[in-house]
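Here, each number is a calculation from the coordinates, and none is a lab measurement. Computed from a predicted structure; not experimentally measured. Backbone-built Cβ (ideal geometry, glycine too); neighbour counts: all protein chains shown.
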Amino acid sequence: MIDPKFIGKKYVASDSYDICRTKIKEYAMSVGDANPLYIDRKKAEASEFKRVVAPPTFAVVYGGELAGRLLLDPELKLNLPMLVHGEQDIEFFEVVGVGDEITSTGQIVEIYQKKNLDFISMAVECKNQQGKLVARSKFTFVIRGAK
Amino acid sequence: MKKISEVKVGDEFRLEKQVTKYMPILYAGAGGDFNPIHIDPDFGKLVGLGGNILQGLGTYAFASQACVDWAGSPKALKRLKVRFASPVRPGDTVIVTGKVVEIAGKRVKADIIAVNNKGETVLSNSVAEIELE
């Protein structure tokens, strides 16, 4: 059982995540998404977005540092080999693209046990360089073999 | 982008994805999730998963692409909530299906389900909110 006293614990990203064209392309290609808005500079610059933009789910990359910090938080003592991703929920407010600088903050919002599974959820808010909220995520992880 | 007038409740969209042997490794590099359950088949066996499995967020990206391709723009996707029901493995084919269940103003709510070629449901209780023109 993960100690529920950690609900409310906050995490702040160490630095902004600066969005670049090459990383977007690498991400899009890794999941087999060849949308020209993500991988073709000329077509993207000629589009309404005027720049290469990121697929919506790139939010897990620019906000991902905090998920990593949660999983590796020594205080929580999570049994990582038995951990799998349970649920993912993201609200997308702005299309993010090359040149954006994203700052993320996170907070543990749920810890509970159901049968032999432990659940832990973290909410992450990501804002751009203008302070505008671009994505709000909830990562839920499940740890098998709870005691 | 698709127009809301072109859409009705019950409409379906679909995306099929081949999960290649090295996709979990490519995704690890691109997405930053190097958990050994994704990149090391021996480790996956050791912890009872039967081998390495694709990052859940890889499958999440497939579901997102299904919505974006259907809507015609990445700006259309406003929310995507999924439950990872069972693991996706290298060699699997994943089929994402979206079904329009509600239309309110310009916003469409679609139930999302994904299955693999073995008939296992890999995304369940999943929903997308898409805003059209």
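Debye-formula intensities of segment A:1-88, expressed as log10 I(q)/I(0) at q = 0.19, 0.25 Å⁻¹, are -0.92, -1.25 (one equal scatterer per alpha-carbon, no solvent).
Here the dipole of the protein assembly as shown is about 240 debye; that uses its Cα centre as origin and unit charges on the Cβ of Lys and Arg (positive) and Asp and Glu (negative). Neighbouring Cβ atoms from other chains, within 10 Å of the Cβ of residues in A:73-85, number 3 on average. Here segment A:1-53 is assigned +1 on the Cβ of each Lys and Arg and -1 on the Cβ of each Asp and Glu. Its dipole about the Cα centre then comes out at about 100 debye.
Take each residue in A:29-39, count the other chain C-beta atoms within 10 Å of its C-beta, and the mean is 6.
Peptide packing: for A:46-52, B:64-70, the average count of neighbouring Cβ atoms within 10 Å per residue gives the ranking B:64-70, A:46-52, highest mean first.
Taking the Cα centre of segment A:51-147 as origin and assigning +1 to Lys and Arg Cβ atoms and -1 to Asp and Glu Cβ atoms, the resulting dipole is close to 300 debye. Taking the C-alpha atoms only, the angle from helix B:56-71 to the longest principal axis of chain B is near 20 degrees. Rg ratio for segment B:5-133: its Cα radius of gyration over 2.2 N^0.38 Å, N being its residue count, equals 1.12.
FRET efficiency for the pair A:Gln130 and B:Lys45, taken as 1/(1 + (r/R0)^6) with r the Cβ-Cβ distance and R0 = 45 Å, rounds to 0.40. Working note: Karplus 6.51/-1.76/1.60 with θ = phi - 60° gives segment A:68-77 the couplings x, 5, 4, 5, 9, 5, x, 4, 7, 6 Hz, where Gly and Pro are set to x.
Take each peptide in B:104-110, B:94-100, B:56-62, count the other Cβ atoms within 10 Å of every residue, and average; sorted highest first, the result is B:56-62, B:94-100, B:104-110. Checked against a 27 Å cut-off, the cross-linked pairs A:Lys43/B:Lys8; A:Lys9/B:Lys75; A:Lys42/B:Lys2; B:Lys21/B:Lys78 give Cα-Cα distances beyond that limit for A:Lys43/B:Lys8; A:Lys9/B:Lys75; B:Lys21/B:Lys78.
In chain A, the inverse of the mean reciprocal separation of distinct Cα atoms equals 16.3 Å; this is its Kirkwood hydrodynamic radius.
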